[in-house]
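*Asks:* Handing you this structure, nothing more for now.
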Amino acid sequence: MNKNDEKFQKWLAIYQVCATIFVAIGAIVITIGMSQVTFGTSIPIDLSHATNSTQQELTKFSENLVKSGWQIIQLGIIISNVFPTYFMYLIAREKIKARPKFAKINEYPILFDEMYDGKDVELKKKGYDAYSVKKLRLEGEPLQYDYSVLKYVEENKMILITEDPENYGGCQENNLPCIKLGQNPSVEEIVKELESLKADYDSKKTQKSL
């Protein structure tokens, strides 16, 4: 499951709980309104032996109860329908966001292998969407082995920047976008390599379309 799917599942659970809560609240409000309407309509019958003056007051009181009861019922209907519908809209929106996107190579997030931890922060200052294997691992991502890292790169459509020849070879073998650099490369060098990768990708794409 990639990051988009995980995010969708998280919001799906939240929105479903919220929708269920509002349906339950709406049902309770409707029940209260119906009880009030029932009570209001029964007052003239239960107290029909009262005097005319008292009967008029009771009738007026009954009418007010019935009126407010129906208003409460309408409020309950709104709560149990409008809010859940809104949450269903939010679920649909998150589902659309979670769909796989055919991103351009320059839109791919950057993933720095663990030996380059800290470079992600520097690259973010340049406006890139950059991540670190080491930080993702600390957040709970299962990235202990090279295979896991390559799989994560593939599933999340990322560009891997690494010093490890095995990881670079794995990228080449599986046609994954990857950059191999030396120890402690500068941000300028990283950006240059990313531009070079983009140019190479665009060139290959143009050749395929011919």
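The values are calculated or read from the model by the stated rules, or taken from the named source; none is laboratory data. All figures in this text were calculated on a predicted structure; none of them were measured in a lab. Cβ coordinates were reconstructed from backbone atoms using ideal geometry, including for glycine residues, and neighbour counts include every protein chain displayed. Protein only, heavy atoms only, side chains kept; ligands, DNA and RNA dropped before computing areas. Shrake-Rupley method; radii C 1.70, N 1.55, O 1.52, S 1.80 Å.
*Asks:* Taking Lys198 as the residue in question, decide whether it is assigned to a helix (DSSP H, G or I), open to solvent by 90 Å² or more (accessible area, probe 1.4 Å), more than 23 Å from Gly118 (Cβ to Cβ) and at pLDDT below 90. Spell out the reasoning first.
*Replies:* Details: assigned to a helix (DSSP H, G or I): yes; open to solvent by 90 Å² or more (accessible area, probe 1.4 Å): no; more than 23 Å from Gly118 (Cβ to Cβ): yes; at pLDDT below 90: yes.
No: the conditions fail for Lys198.
*Asks:* Inside segment 102-116, can you point out the residues that are under 28 Å from Asp164 (Cβ atoms) and at pLDDT below 60?
*Replies:* Restricting attention to segment 102-116, the residues satisfying the condition of being under 28 Å from Asp164 (Cβ atoms) are 103-116.
Passing the criteria: Ala103, Lys104, Ile105.
*Asks:* Exactly one of these conditions fails for Gln74: (1) polar (S, T, N, Q); (2) modelled with pLDDT of 90 or more; (3) within 30 Å of Glu141 (Cβ to Cβ). Give me its number.
*Replies:* Just one mismatch for Gln74, condition (3).
*Asks:* Quick one: count up the residues across segment 137-180 that are under 18 Å from Asp117 (Cα atoms), open to solvent by less than 90 Å² (accessible area, probe 1.4 Å), of a type outside the set (Phe, Trp, Tyr) and part of a helix (DSSP H, G or I).
*Replies:* So the count comes out to 8.
*Asks:* Look through Thr38, Thr31, Thr59, Thr54 and report the one residue that is of a type in the set (Ser, Thr, Tyr), at pLDDT 85 or above and over 26 Å from Cys18 (Cα atoms). It would help to see each step written out before you state the result.
*Replies:* Numbers: Thr31 fails: over 26 Å from Cys18 (Cα atoms); Thr59 fails: at pLDDT 85 or above; Thr54 fails: at pLDDT 85 or above.
Residue meeting the stated conditions: Thr38.
*Asks:* Kindly indicate the residue of segment 123-134 that is of a type outside the set (A, V, I, L, M) and buried (at least 16 other Cβ atoms within 10 Å of the Cβ) and also farthest from the chain's Cα centre (by Cα) among those meeting that condition. So that I can check it myself, show each step before the final result.
*Replies:* As a first pass, look at segment 123-134 and keep what is of a type outside the set (A, V, I, L, M): 124-129, 131-132, 134.
Now restrict to residues that are buried (at least 16 other Cβ atoms within 10 Å of the Cβ): 128, 131-132, 134.
Working: Tyr128: 21, Tyr131: 19, Ser132: 22, Lys134: 24 Å.
Only one residue fits best here, namely Lys134.
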